[in-house]
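The values are calculated or read from the model by the stated rules, or taken from the named source; none is laboratory data. Note that the coordinates shown come from a computational prediction; the quantities given were computed from them, not determined experimentally. Here the Cβ is made from the backbone with ideal geometry for all residues, glycine too, and neighbour counts use every protein chain on show. The area values use the complete protein model at the heavy-atom level, side chains included, leaving out ligands, DNA and RNA. Shrake-Rupley method; radii C 1.70, N 1.55, O 1.52, S 1.80 Å.
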Amino acid sequence: MPDHDTPERTQADAILEALEASSPATIADLATALETHPVTVERRCRSLQRNGHIRQCTGGVYTLVETDTDRQTTPADAPADRYRPPNPAD
């Protein structure tokens, strides 16, 4: 049996691609870019947000969520037992 993407999955992928190309974006921006009804886009965005793929920011805009592979490890990301901030008394 062939593996077909569901319409929901295809729309979610399209939203992720649109946000990758132009982030942040409002529901209206995404609906226009995808030529889809805003209510449909809003539903998919809520689902993507619940699954941790995107987040809604101030002003109602959506952005992609940064993953661990998107950023380099900094001392703040290091485990507490390995990293100790400089002590001004030293």
What does the charge count near residue 60 come to, summing +1 for each Lys or Arg and -1 for each Asp or Glu among other residues with Cβ under 11 Å from its Cβ? -2
In nm, spacing of pseudo-spin labels at residue 58 and residue 9 (7 Å Cα→C-beta vector): 3.8 nm
State, to one decimal in nm, how far the label point of residue 50 lies from the label point of residue 22, with both points 7 Å from Cα in the Cβ direction. 2.8 nm
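Net charge around residue 51, counting only other residues with Cβ within less than 14 Å of its Cβ (Lys, Arg = +1; Asp, Glu = -1)? Intermediate results must be reported in sequence, preceding the final value.
Values: positive: 9, 43, 44, 46, 50, 55; negative: 8, 13.
Combined, the nearby Lys, Arg, Asp and Glu give +4.
Pulled fully out, how much extra length does the chain show between residue 34 and residue 67, if you take 0.36 nm times their separation in residues and subtract their Cα-Cα distance? Kindly include the intermediate steps, with their values, before the conclusion.
Numbers: separation 33, 0.36 × 33 = 11.88 nm, distance 2.45 nm.
Full extension from residue 34 to residue 67 adds 9.4 nm.
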Solvent-accessible area per residue, Å², over segment 3-49 with all protein chains present [probe radius 1.4 Å]: 64 Å²
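If we count every other residue with Cβ under 13 angstrom of residue 18's Cβ, Lys/Arg +1 and Asp/Glu -1, where does the sum land?
-4
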